[in-house]
Amino acid sequence: MTDTPSTGASSAPGPAADPVVITGTGLVTAGGIGVEATWRAVRAGRGTAAADPELADSPVPISCRPPSADAPVRQGWRLDRSTRYVLTAAREALLEARIEAFGPHPPDWDPARVAVVIGSAAGGISVLEAAHRRLLDRGPQALSPLTLTGHLPNLSAAGHLSLALGSTGPALHTSTACASGASAVVHAAQLLATGACDLAVAGGTDAMATALCSAAFARMGALSRRTAEPATASRPFDQDRDGFVLAEGAGVLVLERASHAAARGAPALAELAGHATTSDAHHPAAPDPAGRGLRTAIALALRAADTGPDEVGHVNAHGTGTPLNDRVEAAAIRDLFARTPPSVTSAKGVLGHTMGAAGAIEAVLTVRTLLTGTVPPTANHHRPGPDTAGIDLVTGHPRDDAPRLALSHSLGFGGHNTVLVLRR
């Protein structure tokens, strides 16, 4: 393992007497509405990217866009897509946790003891883009009075969900780019550990398949240019990878202390055994080429879980399909787990890159791997390159496996690294 710096990193303090468990999960992705639909899609290992009419004038006119998600609230059509996604995913997650929170009656909980922590990279960006076009075309009087409440990141994510649930505990927004959803899970676990809440609804959402975001990412050179074959464009860890496919979606997890879940008779799907966050302090967009921040986050998260690398059976990788990310992440996995290589997969070959939602979506998929004993394949991986070889990447078909301990990696622009340790 690498040396662990004493600054620039945070992690859980160690295994808790009353561990944090996941009691519910919900997803909205290009694979479908709901966990089962998405799980079937990632198990099938076929990319969902397609030509996107909304991006017809973009330099890269493809995306991974979910089916239409009707928010389970009145006048949901007025909300940004990202808000509709997270409300839909939250409803599924709470139902699995045996809580009816969107019905005609208030849920059976103390609303002051419920926290909402949702991450996003861009907030209600489609609302903002539409409002800006209206301002330029028709002047300020054409703006909706709901422009800011639809766009502001705190409202488009945690705020509107807290309103829908009637929860009066902490309602927080995290924004660590592509690690935002995983960061939200970490913050929720910390709130539970300090006793600030009894139940937390945590996750991530983003809807950045917009003209502005697509063009900006294209100018950065971050997007795959395989527009003639969009379903095979996203190629995590492949020799021929050339960037990610922009995607939308949301992932939500319900977190509780184990004793609270047991008292309710709620299912403990998995334990959040440890977590850690670090910063690269290297570059606004590129990862540290030595992967020091990621390696430290892995070490800290394993320490927090009171375990070591030999116990890790599976890694759900960030795996964007960009040349730099995949090289750095593969090297970290190859080096840190050399004695007992874990199975590795990336869902982005199927679902594209959902930005601030990715960490939460992939945490849910990691829980599914632990529950089912199945590792989904990394789609569109055909040629391992010298810079990503040496890891046990699952490709082609799902693999029957029975990991008891798994990691979910999330990396974001700005050098954010978040690692979650999940235990069956």
**Request:** Please give the FRET efficiency for M220 paired with A112, using the beta carbon to beta carbon distance and R0 = 35 Å, rounded to the nearest 0.05.
**Result:** 0.20
**Asked** Using alpha-carbon positions, what is the distance between the centroids of the stretch 287-357 and the stretch 127-177, in Å?
**Response** 33
**Request:** Starting from the Cα-Cα distance between L324 and E311, subtract it from 0.36 nm times their residue separation and give me the gain in nm to one decimal.
**Result:** 1.9 nm
**Asked** Spin-label point model (7 Å from Cα, Cβ direction): what's the R98 to R404 distance in nm?
**Response** 2.6
**Item:** In range of the label at S68: residues from the stretch 28-50 whose backbone nitrogen is under 18 Å from the point 7 Å along Cα→Cβ
**Value:** 28-34
**Prompt:** Could the peptides 101-109, 374-382 be put in order, highest first, of the mean number of other beta-carbon atoms found within 10 Å of their residues?
**Reply:** 374-382, 101-109
**the stretch 21-264, dipole about Cα centre (Lys/Arg Cβ +1, Asp/Glu Cβ -1), debye to the nearest 20** = 140
**Request:** Could you rank the peptides 117-123, 34-40 by their average count of other C-beta atoms within 10 Å per residue, with the highest value first?
**Result:** 117-123, 34-40
**Message:** Just to check I understand the Karplus step: with θ = phi - 60° and J = 6.51 cos²θ - 1.76 cosθ + 1.60, what whole-Hz values come out for the stretch 96-107, glycine and proline as x?
**Reply:** 5, 7, 6, 10, 8, 9, 10, x, x, 10, x, x
**Request:** May I ask you to compute the full-extension gain from E229 to R138, defined as 0.36 nm times their residue separation minus their alpha-carbon distance, rounded to one decimal in nm?
**Result:** 28.9 nm
**Item:** Built amide H within the under 5 Å cut-off of D401, gap 5+
**Value:** T374, V375
**Request:** Please build a GNM for the chain, connecting alpha carbons under 10 Å apart, and tell me which residue among L146, L161, L95 fluctuates the most.
**Result:** L146
**Request:** Please give the contour-minus-distance gain from L163 to H283: 0.36 nm per residue of separation, less the Cα-Cα distance, rounded to one decimal in nm.
**Result:** 39.5 nm
**Nearest-20 debye value, the chain charge dipole, Cβ charges on Lys, Arg, Asp, Glu** = 400
**Asked** So in the chain, what percent of DSSP beta bridges are antiparallel if you round to the nearest 5?
**Response** 70
**Radius 9 Å from Cβ of T320, net charge of other residues (Lys, Arg +1; Asp, Glu -1)** = 0
**Request:** Could you work out how far apart the two model spin labels at A338 and E54 are, taking each label as a point 7 Å from the Cα in the direction of the beta carbon, and quote it in nm?
**Result:** 4.7
**Fill in**
In whole Hz, the Karplus estimates of ³J(HN,Hα) for the stretch 268-275 (6.51, -1.76, 1.60; θ = phi - 60°; x where Gly or Pro) are 9, 6, 6, 9, 7, 7, x, 6
**Taking the C-alpha atoms of the chain, convex hull volume expressed per residue in Å³** = 125
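FYI, it's all coordinate maths here, none of it is from the lab. Nothing here was measured: the structure is a model prediction, and the numbers come from that model. Note that we place each Cβ from the backbone using ideal geometry, even for glycine, and neighbour counts take in every protein chain shown.
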